[in-house]
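Below is one structure, written out as structure tokens; the observations come after it.
The values are calculated or read from the model by the stated rules, or taken from the named source; none is laboratory data. Predicted model, so just to flag it, every value in this text is computed and none were measured. All Cβ positions, glycine included, derive from the backbone under ideal geometry; neighbour counts span all protein chains shown. The protein model used for the area step is the full one, side chains on, heavy atoms only, and it has no ligands, DNA or RNA in it. Shrake-Rupley method; radii C 1.70, N 1.55, O 1.52, S 1.80 Å.
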There are 2 protein chains.
Amino acid sequence: MQKVKPSLLRGFDQEYLPREQLQFDALVAIIRRNFERCGFLPLETPSAERREVLTSKGGAEKEIYALTRLAEADDDEAAAKGALRFDLTVPLARYVAMHERELAFPFRRYQIQRVWRGETPQARKGRFREFYQCDIDIIGRERLSTLAEAEIPSVIYSVFREMDIGEFRIRINNRKVLRGILESFRVPGDKAPEVLRWLDKHEKEERATILAGLRKEGVEAADALYDLIAAKGGLDAIARLPQNEALATGLEEAKQVIEAMRKFGVPDAAFAFDLGVVRGLDYYTGTIYETTLVQHPDVGSICSGGRYDDLASYFTDTRLPGVGISIGLTRLFAKLRDAGLLREPARTPAEVLVTAMDPKHLDRYIAIARSLREAGINTELYLEPAKLGKQLEYADRKGFRVALIAGETEFGKNVVQVKNLATKAAEECAPDRLVAHLKAVLQLKDS
Amino acid sequence: MQKVKPSLLRGFDQEYLPREQLQFDALVAIIRRNFERCGFLPLETPSAERREVLTSKGGAEKEIYALTRLAEADDDEAAAKGALRFDLTVPLARYVAMHERELAFPFRRYQIQRVWRGETPQARKGRFREFYQCDIDIIGRERLSTLAEAEIPSVIYSVFREMDIGEFRIRINNRKVLRGILESFRVPGDKAPEVLRWLDKHEKEERATILAGLRKEGVEAADALYDLIAAKGGLDAIARLPQNEALATGLEEAKQVIEAMRKFGVPDAAFAFDLGVVRGLDYYTGTIYETTLVQHPDVGSICSGGRYDDLASYFTDTRLPGVGISIGLTRLFAKLRDAGLLREPARTPAEVLVTAMDPKHLDRYIAIARSLREAGINTELYLEPAKLGKQLEYADRKGFRVALIAGETEFGKNVVQVKNLATKAAEECAPDRLVAHLKAVLQLKDS
């Protein structure tokens, strides 16, 4: 038979071996648990949306994947008008506008789903065409307290602390501060979005490239502006600048947010005000966030977001101010793996393997496996006739923590051998004490 | 500003309000927990695969969604050669063939992901174009014990029992039995796949339609064959048939599987041998499964699958026999919701709302929320300045179980009011006993 080569599409190639998938799932579980702990409700939206919904904000067309049918088909709206979402913010805006009357505001939602972007994939940089985003947003109706801007980083702090990925820093800045700075540099309001997009690249692009970009936008003191941003100054750097109203408002807001962040439990070592945080997106209006690994600055921002004044202006007249942040999990995972920062998952589906040494006793093996499962212990029974050595080899490959072994001798003494696969030590245990014994060995809580 | 109407694409429209999403997630959690309890490892594969991989088995082209770019783009392999998966079995076959040397066999994996099919959407029948499948498979290399065919339904039994969705029945049949029956009806081997596809429709299509189909395939005693299948006979019905080798082998296999199913813990009331189970797919070779809700037969099969002899013959020469089953969760959820069979989730992200009655005490409200979160209690703090009544209305709408209320009077007495939002009863509690008190009220285990 003519074979098809089993392989993946470039950029759609983040697929893990079982052990990696367990590590990935452990990160998802941490993210989900911390999001829920802070009262965020889960949301999932369809992968494909109307093209006009996705492109409503403009600027995203060139990265969007549209749907089509492989064979011709009549009456397929998705193929005629649909495309895959490129982020989780546009679907959130569409969802909130659609369900405005059914939602309670402030609406707090989290969303952990894949998005698709036709960027040039670069595995080394962790850039893929299909990847997970993990978003939280707090959406108010007509108004939203700046307290929300302080709570968001406290959620992120608890996530990364529990992930145990080394020292990290939530770097914050404020768009009003940046507007005030642009004002003092006499950048006209309509040039501000483009100027901010250039400044946002200061960590990735050469100084000369950015300066040329700034000058093209008509910034006269491009050098001074660049140097101010690239110096990554703190609150004190703002105080030394020529003052104006936007700057004063921004500074006041930043101070309030920082004070509240501390109350929400973010320690000073885990965050910093940083003028170098700019964010490319036009629609941020207040606090903006980026998060970096202190020991691995090359990884770039692992979690970014900010405050915006109107989420869904393209869909509804209701003003929906909000604040949100997003973890690019596929990229973060690739980077943590490359940097050796992934932990072994605390509990894997592969805890206990019941070996089947002697087919004569199959019923007893099944009964043991069943009793362990009923007690909440993740248990597999080796189903194939095979030598014990082969069964134990399988246990090692799959990463079981314990193997149970019993044959004529053991059943004659009414015991089962419990073999710890890490230490290779074996001890005997009576069948009726097995559940308690294994729970102790595996450090499981009673359920 | 010109608004875009926020709406969804036909068939890509299964999106839930927060309470429904919580119910959906609760089902996913049950499925995942039971799959892991039986030693299945998690797997996720990319949404898009090479078209040649997806179409390798043939027959699926007409339902497949391909990818294209909304704007023109160079060098995009996914747009040129990619399409969305229509099931989780083909990606599994591709994955196992690709990673054969890195996997331990028997390879047990579970996969809970979305698939996309260009079928005509019918919300009433629970048929959508984007939906979740939840699959488990056990894949052997070169051989696989029939015990695996008995273990699979035991996993499914534990899933549906925990879902608490009323009486259900795992109906099994055996493809060797069906082959034996076709043989006794003198159906030539090459006609068998088409004849089985017709018989598979006996619950959905008119008798006359099926009979016409069978006759077109050259079945002489079409009436007798139809009646035999439609009568849904048990093992005893097979014994009354003219015997042949395939039938005898199939019957023996079915008896073994049934005996082992009982040992794996499936009670007799939860399963039945049923000649009416046929399954349309050609590649099944042993036990086949369908699962129905006894009180809601109109819902159709909520979980189907079977034993196959070679998973990945299109990708590798290694023979990979396996057995698998799939829950169509999006459809099941729609049906359970329509039938009123969904439970309230036991624990929601919205457990405790800390109200903020008096802005003067904001720091204390933040401190309370923080201490509850640190103790593992899902807690939200009301961040907006608003009257207490409005805050409690929000708590009711979002479905919180408890609201904490405190102002000048309470803080003066060093207590907090704990209001049970279901019973409306309120009691006072000292701040330092709050965690223990709330854990008791919410019936949370210590973590």
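Calculate the FRET efficiency for A:VAL294 and B:ASP298 from the Cβ-Cβ distance with a Förster distance of 51 Å, rounded to the nearest 0.05.
Efficiency, from the Cβ-Cβ distance: 0.30.
In 10 Å bins starting at 0, how do the alpha-carbon pair distances of the range A:1-82 split up by percent?
Reading upward from the zero bin: 12, 22, 32, 28, 6, 0.
Could you state the angle between the C-alpha long axis of helix B:89-98 and the longest principal axis of the C-alpha atoms of chain B, as a value from 0 to 90 degrees rounded to the nearest 10?
Approximately 90 degrees, to the nearest 10.
Tell me which residues come under 5 Å, amide H to amide H, from B:GLU44 once H is placed; ignore anything under 5 positions away on its chain.
Close amide H contacts, sequence-distant or interchain: A:TYR16.
What's the FRET efficiency of B:TYR283 with A:ALA425 using the Cβ-Cβ distance as r and R₀ = 41 Å, to the nearest 0.05? Let's see the in-between values first.
Details: r = 45 Å, r/R0 = 1.10.
After rounding, the FRET efficiency stands at 0.35.
Using C-alpha positions alone, give me the convex hull volume of the range A:310-370 per residue in cubic angstrom. Display every interim value, and only then the final one.
Details: hull volume 14.3 nm³, N = 61.
Expressed per residue, the convex hull around the Cα atoms of the range A:310-370 is 234 Å³.
Based on the alpha-carbon gyration tensor of the range B:19-166, what equivalent-ellipsoid semi-axes (square roots of 5 times the eigenvalues) come out, in whole Å, largest first?
Values: eigenvalues 167, 102, 37 Å².
Values for the range B:19-166, descending: 29, 23, 14 Å.
Report, to two decimal places, the Cα Rg of the range A:292-418 normalised by 2.2 N^0.38 Å (N = number of residues). Show your work: numbers first, answer last.
Details: Rg = 25.3 Å, N = 127, 2.2 N^0.38 = 13.9 Å.
The range A:292-418 yields a ratio of 1.83.
For the range B:144-241, which semi-axes, largest first and in whole Å, follow from the square roots of 5 times the eigenvalues of its Cα gyration tensor? Please report the intermediate quantities before stating the final value.
On the way: eigenvalues 170, 56, 31 Å².
Rounded to whole Å, the semi-axes are 29, 17, 12.
Checking a compactness column here: for the range A:232-275, what do you get for Rg(Cα) / (2.2 N^0.38 Å), N being the number of residues? Could the numbers behind the result be given before it?
Details: Rg = 11.3 Å, N = 44, 2.2 N^0.38 = 9.3 Å.
Relative to the 2.2 N^0.38 Å estimate, the range A:232-275 comes out at 1.22.
Give me the lysines in straight-line cross-link reach of A:LYS57: C-alpha distance below 24 Å, same-chain residues under 8 apart excluded.
A:LYS81, A:LYS176, A:LYS191, A:LYS201, B:LYS3, B:LYS5
Using the Kirkwood formula on the Cα atoms of chain A, what hydrodynamic radius do you get, in angstrom to one decimal? Kindly include the intermediate steps, with their values, before the conclusion.
Numbers: mean 1/r = 0.0393 Å⁻¹.
Answer for chain A: a Kirkwood hydrodynamic radius of 25.4 Å.
Mind pulling the angle between the C-alpha long axis of helix B:207-216 and the longest principal axis of chain B? Nearest 10 degrees, somewhere in 0 to 90.
Computed tilt is about 40 degrees.
For the rotation taking B to A, I'd like to know which residue in chain B has the C-beta closest to the axis, plus that distance in Å.
Of all Cβ atoms in chain B, the one nearest the axis gives B:THR68, 2.
Sorted from shortest, what are the nm distances separating the label point of A:LEU444 from equivalent points in the other copies, each placed 7 Å from Cα along Cα to C-beta?
A:LEU444 label point versus its equivalents elsewhere: 2.4 nm.
Provide, for q = 0.05 Å⁻¹, the log10 of I(q)/I(0) from a solvent-free Debye sum over equal Cα point scatterers in the protein assembly as shown.
-0.32
At B:ARG186 and B:GLU61, where each label point lies 7 Å from the Cα along Cα→Cβ, what is the point-to-point distance in nanometres?
About 3.7 nm, to one decimal.
May I ask for the distance between the Cα centers of the range B:59-96 and the range A:327-389, given as a whole number of Å?
That distance is 32 Å.
Based on alpha-carbon centroids, what's the gap between the range B:409-427 and the range B:169-195 in Å, whole number please?
Here the answer is 68 Å between Cα centres.
Can you list the copy-to-copy distances for A:LEU17, using a point 7 angstrom from Cα toward Cβ, in nanometres, shortest first?
Distances between equivalent label points, in nm: 4.8.
For chain B, report the accessible area per residue in Å² (1.4 Å probe, heavy atoms, rounded to an integer). Write out the running numbers ahead of the final one.
Values: 17920 Å² over 447 residues.
Per residue, chain B has 40 Å² of solvent-accessible surface.
How many times 2.2 N^0.38 Å is the alpha carbon radius of gyration of the range A:352-442?
Values: Rg = 11.7 Å, N = 91, 2.2 N^0.38 = 12.2 Å.
For the range A:352-442, the normalised Cα radius of gyration comes out at 0.96.
Interface A/B, total buried accessible area with a 1.4 Å probe, nearest 100 Å²?
10800
Which is the longest part of chain B that has none of the trypsin sites (Lys or Arg not before Pro) sitting in a DSSP loop with at most 14 other Cβ atoms within 10 Å? The partial results should precede the final answer.
Values: sites that count: B:LYS3, B:ARG101, B:ARG143, B:ARG186, B:LYS204, B:ARG240, B:ARG343, B:LYS387, B:LYS413, B:LYS424, B:LYS445.
Here the longest run is B:241-342.
So who's got an amide H within less than 5 Å of the one on A:THR291, skipping anything under 5 residues away but keeping other chains? H placed 1.01 Å off N, in plane.
A:ARG171, A:ILE302, A:CYS303
Describe numerically, in nm with one decimal, the distance between label points set 7 Å from Cα along Cα→Cβ at B:LYS5 and at A:ASP317.
1.8
Per 0.36 nm of contour for each residue apart, how much would the distance between B:GLN443 and B:THR209 grow if the chain were fully extended, relative to their Cα-Cα spacing?
On the way: separation 234, 0.36 × 234 = 84.24 nm, distance 5.62 nm.
Extra length available between B:GLN443 and B:THR209 comes to 78.6 nm.
For chain A, what does the relative contact order come out to in percent, with C-alpha contacts under 8 Å and a separation of six or more? Can you show the working numbers first?
Working: 723 pairs, mean separation 66.4, N = 447.
Relative contact order of chain A: 15 percent.
When each copy gets a label point 7 Å from Cα toward the beta-carbon at A:ASP164, what are the spacings between them in nm, shortest first?
Label-point separations across copies, in nm and ascending: 3.4.
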